[in-house]
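These notes are about the structure you will find just below.
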Amino acid sequence: MSHIAVERNRRRQMNEHLKVLRSLTPCFYIKRGDQASIIGGVIEFIKELHQVLQALESQKRRKSLSPSPGPSPRTLQPTFHQLDSSSIIGTNSFKELGASCNSSVADVEVKISGSNVILKVISHRIPGQVARIITVLESLSFEVLHLNISSMEETVLYQFVVKIELGCQLSLEELAMEVQQSFCSEAITML
């Protein structure tokens, strides 16, 4: 009889813990309500938070090493890192594909996850930048499903979940560069 009571108590505790985990995790990480999906979504969320923390720490170190006010827009040299060679948006593949375009102004990462695109941008705070990114996405016929904004001091992380329209043939590199260009246009207008 006590074994059954112990098992019920464990299940109750597990359900309480799952409920807390689910409430702390953005809904798009959790695909279904079962235990495995909740735990998997929480793990993915924690991994991304860890990446954000590393990026913010890196930017903080760079800022402390170089006290200059910021790079000139004319010296913007974006670098690309392709995560998969067949990175065309709109393919029927459900494996994750991605690319990144980094510069001294912003780090842009684009990944396909299922039928959506996850876009992450880390930069210094620039007033109106999120509106410019949304304008770029909408002009390319993407629909913003979710936006999460996190900041630490003068650094900000924008994380978009974007719906891919049927027939879209834009490469991930092209999308990353378009978002990167939204920073360039801001830097040029600030001169």
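Assorted remarks:
- Once the chain from ASN15 to LYS47 is taken as fully extended at 0.36 nm per residue, the excess over their C-alpha distance is 9.2 nm.
- Taking label positions 7 Å along the Cα-Cβ direction at both ALA131 and LYS31, the computed distance is 3.8 nm, reported to one decimal.
- Listed pairs LYS47/LYS120; LYS47/LYS111; LYS19/LYS111 exceeding 25 Å between Cα atoms: LYS19/LYS111
- For the set HIS124, HIS146, HIS3, solvent exposure ranked by accessible area (probe 1.4 Å, protein chains only) runs largest to smallest as HIS3, HIS124, HIS146.
- Environment charge of GLU178, counting only residues whose C-beta is closer than 12 Å and scoring Lys/Arg +1, Asp/Glu -1: -2
The values are calculated or read from the model by the stated rules, or taken from the named source; none is laboratory data. Note that this is a predicted model, so its numbers are computed, not measured. With ideal geometry, Cβ positions are generated from the backbone for all residues, glycine too; neighbour counts draw on all protein chains shown. The area values use the complete protein model at the heavy-atom level, side chains included, leaving out ligands, DNA and RNA. Shrake-Rupley method; radii C 1.70, N 1.55, O 1.52, S 1.80 Å.
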